[in-house]
Amino acid sequence: MSEQAEILLREAQGHRAAGRAGEAADAYAALLAIKPDLPDTWFNLALMQRQAGRPAQALASYQQALDRRIRGPEEVHLNRAVIYSDDLGQADAAQLELDRALAIDPNYLAALLNLGNLHEDKGERDAARAAYSRALAVASPPEAPLALARLANATRFENAADPMITQLRAAMAAPGASHADRAELGFALGRALDEVEAYDGAFAAYADANAASRAATGARYDRAAQKAFVDRSIATHAAPAKAVGSTGAPVFILGMFRSGSTLVERILAAHSGVISGGELALLPRVVAGIAPYPEAVGGASAETVQGWRGAYLEGLRAARPGEGLVTDKRPDNFLHVGLIKAMFPDARIIHTVRDPMDVCLSNLFLHLDRSMAHATDLSDIAHWLKQHDRLMAHWKTLYPDILTVDYDALVADPRPEIERVLAHCGLDWEDAVLDFHKAGGAVRTASVWQIRQPLYRKSSGRWRNYEAHLDGLRTALEH
């Protein structure tokens, strides 16, 4: 390798180690312009391009790695599948890549797990269970708990004597089970027991799962830091953002996790004029480049705001091309309404809400990643909810055009609420929105099976099934 190539390689590696994905990608690209026959470098370039929010470029670089006969091509096909599924919303292309990976290695566990997950996203329960069953059959002991948990999550349970429930309990109690294993298995066991109405056992399983999750990640919720962030956001955005022009804004759907945001998006997605965006990472990527945040938003120049908006829209066009109104359904974007309105003064925002007891309990039952550390403890969830409520009250004072949609009102009497949502988005009525559950396409959500059903009311007041365990939550919400 020439001296110049060595310098570029070291530069790329340095940027990568420092977390500067865009700069690392540029350095790798410069190296490959000099010495293109380096399949592993094409692979590394693709990794950095994806992290930098350049999915189409990453796909092309992975293809270069395949064309140059990289070792382990099945991993490249897997990574391409993840881009198609997670970044571009192209489920069929993702499945084709997974099929190619499994044609190379039929026992490739990661591809089998991703294939099962893809079938879940598409609402194909039998196919999902088949893929997870194959994964469980080929998994080595350290990997088997995850495969079992995924299989259980795709299974319908009718009674507490189901052998898989026994299998989940045994796997959790196994001496070699890690904290991460027990978390995966515990959430699956809790869901199974909830489904068969064994509520005390379900609550105990979820409690064990959350304790294991805390032990596995070491993540802890910092109440003081969250309150301080809300204080700073309110102080920074003391007045409405100045309009600096706006075009192409999506519909932002936000609120607490498990408050009905997916349901609202799926109803909208059934409309012929809407493109479902799902939980896009675009706004958090913009936020990551702003320091200090949120204070820098308040003093930003028109040119700076236009740069943020341009970066967001570039990513949106790449992720969800086509003509139509796009949805950006990321619940925790409620933290960034000030930035949204700075970039898009005319942005339509839908805020989903739900009975506080139900939404807190549903968060406890949801296996979120370590960045949502509050979700492993009911009193922490209550604190997060109260900070959410405080911040949203401020946003609505500044921006009264934010539409609030109550989950319980929506499922109790759908048509009036759906009419409000469509009117807010400037859309005419279409009967298809009432049959949203019949729409095809993949949906990435924790409520993947619920949104394949017609509207139902059984989740309203669900907390009453667990009332004996919720005195502490009620107290936390009242004080």
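The values are calculated or read from the model by the stated rules, or taken from the named source; none is laboratory data. Just so we're clear, the structure is a prediction, and the values are computed from it rather than from any experiment. Neighbour counts run over all protein chains shown; Cβ positions are idealised from the backbone, glycine included. Ligands, DNA and RNA are stripped out before the accessible areas are found, and what is left, the full protein with its side chains, is counted by its heavy atoms. Shrake-Rupley method; radii C 1.70, N 1.55, O 1.52, S 1.80 Å.
Here the 3J(HN,Hα) profile of segment 120-131, calculated from phi with Karplus coefficients 6.51, -1.76 and 1.60 at θ = phi - 60°, is 4, 4, 8, x, 9, 5, 5, 5, 4, 5, 5, 5 Hz, Gly and Pro shown as x.
In plain terms, the chain from Thr217 to Arg474 could stretch by 89.8 nm, reckoned as 0.36 nm per residue minus the Cα-Cα distance. Rounded to the nearest 500, the 222 nm mean residue ellipticity of the chain from helices alone is -18000 deg cm²/dmol, with -39,500 (n - 2.57) taken per DSSP H run of at least 4 residues. Qualifying chymotrypsin sites (Phe, Trp or Tyr not before Pro) in segment 338-441, where qualification requires a DSSP coil assignment and no more than 13 other C-beta atoms within 10 Å, comprise Trp429. In sequence order, segment 138-146 has phi-based couplings of 9, 5, 7, x, x, 9, 5, x, 5 Hz under the Karplus curve 6.51 cos²θ - 1.76 cosθ + 1.60, θ = phi - 60°, and Gly or Pro positions carry x.
Could you work out the local net charge near Ala135, counting Lys and Arg as +1, Asp and Glu as -1, over the other residues with Cβ closer than 10 Å to its Cβ? Spelling it out: positives minus negatives among the neighbours equals +1. Per-atom-type breakdown for segment 340-425 gives carbon and sulfur 53% of the accessible area (1.4 Å probe, protein chains only). Less than 5 angstrom separates the built amide H of Leu325 from those of Val274, Ile275, all sequence-distant by 5 or more or on a different chain. What the Cα convex hull of segment 68-165 gives, in volume per residue, is 100 Å³. Net charge of the neighbourhood of Tyr108, taken over other residues with C-beta under 9 Å away and scored Lys/Arg +1, Asp/Glu -1, is -3. Computed over the chain, relative contact order equals 14 percent, with contacts defined as Cα pairs under 8 Å that lie 6+ residues apart.
The dipole here belongs to segment 386-432: it is taken about the Cα centre, uses +1 on the Cβ of Lys and Arg and -1 on the Cβ of Asp and Glu, and is about 420 debye.
Each label point was placed 7 Å from the Cα along the Cα-to-Cβ direction; for Ala296 and Ala204 their separation is 5.1 nm. For the listed residue pairs Lys341/Lys438; Lys329/Lys386; Lys122/Lys386; Lys122/Lys227; Lys122/Lys329, the alpha carbons are over 27 angstrom apart in Lys341/Lys438; Lys122/Lys386; Lys122/Lys227. Based on protein heavy atoms only, segment 1-151 ends up with 46 Å² per residue of surface accessible to a 1.4 Å probe.
The chain gives an Rg/Rh value of 0.96, both radii derived from C-alpha positions and Rh following Kirkwood. For Gln95, neighbours were defined as the other residues whose beta-carbon sits under 13 Å from its Cβ, and their charges (Lys and Arg +1, Asp and Glu -1) total -3.
In whole percent, how big is the carbon plus sulfur part of the accessible area of segment 146-242, probe 1.4 Å, protein atoms only?
Roughly 54 percent, rounded to a whole number.
Distance between the pseudo-spin-label points of Lys396 and Glu303 (7 Å out from Cα toward the beta carbon): 3.9 nm. Take the Cα of Ala311, step 7 Å toward its Cβ, do the same at Gln4, and the gap between the two points is 3.0 nm.
The phi-based Karplus calculation (6.51 cos²θ - 1.76 cosθ + 1.60; θ = phi - 60°) puts the 3J(HN,Hα) values of segment 230-238 at 5, 4, 5, 5, 5, 5, 5, 9, 7 Hz, whole numbers, x for Gly and Pro.
Computed over the Cα atoms, what is the radius of gyration of segment 262-400 divided by 2.2 N^0.38 Å, N being its residue count?
It is 1.12.
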